[in-house]
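The values are calculated or read from the model by the stated rules, or taken from the named source; none is laboratory data. None of these values were measured; they are calculated from a predicted model. Counting neighbours? That spans all protein chains shown, and the Cβs are built from the backbone with ideal geometry, glycine included. Surface accessibility is based on the protein's heavy atoms, side chains included, excluding ligands, DNA and RNA. Shrake-Rupley method; radii C 1.70, N 1.55, O 1.52, S 1.80 Å.
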Amino acid sequence: MSQHVRGVVVTAKDAPAVVTTIVVPDPGPGEAVVKIAACGVCHTDLHYKQGGIGNEFPYLLGHEAAGVVESVGEGVSEVAVGDFVVLNWRAVCGQCRACRRGRPQYCFDTHNAKQKMTLEDGTELSPALGIGAFAEKTLVAAGQCTKVDSSVSPAVAGLLGCGVMAGIGAAINTGQVGRGDSVAVIGCGGVGGAAIIGSRLAGAARIIAVDIDDKKLETAHTLGATHTVNSRTQDAVEVIRELTGGNGADVVVEAVGRPETYEQAFYARDLAGTVVLVGVPTPDMRIELPLLDVFGRGGALKSSWYGDCLPSRDFPMLVDLHLQGRLDLEAFVTETVGLGDVEKAFARMHDGDVLRSVVVL
């Protein structure tokens, strides 16, 4: 039987996010129903609310979540009822050309649940990133569930489902930061902060945090940045070069997603260095660089989608590091709130007051 539960829905562009009753069907083949324990409030949810990702309203918001598998459909073998899982928005297919080449983290045919959750009147909902986890329960593809150690706090485990994984993966997986490297991170919100932690885990010798907000720079220092630069008052490229012997950083992670900060990242890297774009630009943004500079500086210009992660590999490893005291995920949780506080959490996010608000159910 389908279930009627509470969820946070936005019905139109810039409409308030409100708690309402949603209908969750029983899982079909390859699907699972997950009872949500916690879900982070991510910028991506705000982009959905603002109409910046699509126009398939109404949206069931929330995607950065952890919970317990309540039921599974026919043919599900990845998880079982009672498993504590972190949800991911890229269930790999195992059959596409990337998967067949042994690169499932680049799967070109990721999928979500086939059935739709609805409002009580039958209106179909579009779940954010195929998850929709600002809800007491949600329906997902079973491959979107990654089992992890159940002793971890749901409030921190869920953060691996998006922002923290994106940042750590941008440094370790995409940027391939190595021991002794110099790293600059431009933009020190949740994703940039995670890139700082990832760089520290990888053994970077120098980690330079760049932002225009001194509060975020203070937090970046606590997360592992060795130097901080307020680019509102300082020339970020010039300072990064000064701090790296005049050369530029080996890896620059751009966690803002704007043309001007990307240009800073491009010129702040060393010759043959790597730029990693993990900040999400809008469709209208353009960048112009002298092609001779692109050629002459060598190296790599990369984009990092979800931190080039493979959830089945990366989520359990990062949870284990956290439980060992080697990865402070608690540092990202600024506050815990209820389902009815999502709209206020968006306002705090817009004001730059938080790394993460986390909805706890």
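A few comments on the model shown:
- Being part of a loop (DSSP other than H, G, I, E, B) and modelled with pLDDT under 95 is a condition met by at least one residue of the stretch 82-89.
- Among the numbered conditions (1) within 15 Å of the chain's Cα centre (by Cα); (2) open to solvent by less than 70 Å² (accessible area, probe 1.4 Å); (3) within 24 Å of Leu223 (Cα to Cα), the only one that Pro281 does not meet is (3).
- The one condition from (1) of a type in the set (Gly, Ala, Ser); (2) closer than 22 Å to Phe315 by Cα; (3) open to solvent by less than 20 Å² (accessible area, probe 1.4 Å) that Ala80 does not meet is (3).
- The stretch 178-189 residues that are open to solvent by 10 Å² or more (accessible area, probe 1.4 Å), paired with ones that are in a loop (DSSP other than H, G, I, E, B) and among the polar types (S, T, N, Q) (beta carbon under 6 Å, 6 or more apart): Ser182/Thr244
- Which listed residue, of Gly143, Gly158, Gly169, is within 20 Å of Gly257 (Cβ to Cβ), assigned to a helix (DSSP H, G or I) and not β-branched (Val, Ile, Thr): Gly169
- Scope the stretch 241-251; condition assigned to a loop (DSSP other than H, G, I, E, B) and free of Cβ contacts under 8 Å to residues at least 24 places away in the same chain; matching residues: Gly245, Gly246
- Residue that is most open to solvent (accessible area, probe 1.4 Å) [pool: residues in the stretch 102-128 that are over 21 Å from Gly338 (Cα atoms) and assigned to a helix (DSSP H, G or I)]: Tyr106
- Listed by first and then second residue, the pairs linking a residue in the stretch 103-129 that is without any contact (Cβ under 8 Å) to a residue 60 or more places away in the chain and closer than 19 Å to Pro27 by Cα to a residue that is in a loop (DSSP other than H, G, I, E, B) and charged (D, E, K, R), with Cβ atoms under 7 Å apart and 6 or more places separating them unless they lie on different chains, are Thr110/Arg90; Glu124/Lys116.
- Within the stretch 225-248, one or more residues are loosely packed, with under 11 Cβ neighbours inside 10 Å and within 27 Å of the chain's Cα centre (by Cα).
- Contact annotation: residue pairs with Cβ atoms under 7 Å, 6 or more positions apart or on different chains, pairing a residue in the stretch 216-240 that is over 24 Å from His350 (Cα atoms) with a partner that is open to solvent by 70 Å² or more (accessible area, probe 1.4 Å) and in a helix (DSSP H, G or I), are Gly224/Arg200.
- Residue selected from the stretch 284-310 under the condition closer than 30 Å to Val79 by Cα and in contact with a helix residue (DSSP H, G or I) (Cβ under 8 Å, 6 or more places away or on another chain), by the criterion surrounded by the most Cβ atoms within 10 Å (Cβ to Cβ): Gly307
- Test result for Glu254, more than 18 Å from Ala171 (Cβ to Cβ) and touching a residue at least 24 places away in the same chain (Cβ under 8 Å): no
- Whichever residue in the stretch 252-278 is part of a strand (DSSP E or B) and closer than 12 Å to Ser303 by Cα and, among such residues, is most open to solvent (accessible area, probe 1.4 Å): Leu277
- Every pair of residues 6+ apart whose Cβ atoms lie under 7 Å, when the first sits in the stretch 276-303 and is on the phi > 0 side of the Ramachandran plot and without any contact (Cβ under 8 Å) to a residue 40 or more places away in the chain while the second is among the basic types (Lys, Arg) and open to solvent by less than 60 Å² (accessible area, probe 1.4 Å): Gly299/Arg269
- Hey, Arg326 in a loop (DSSP other than H, G, I, E, B), over 21 Å from the mean Cα position of the chain (by Cα) and surrounded by fewer than 17 Cβ atoms within 10 Å (Cβ to Cβ) or not: no
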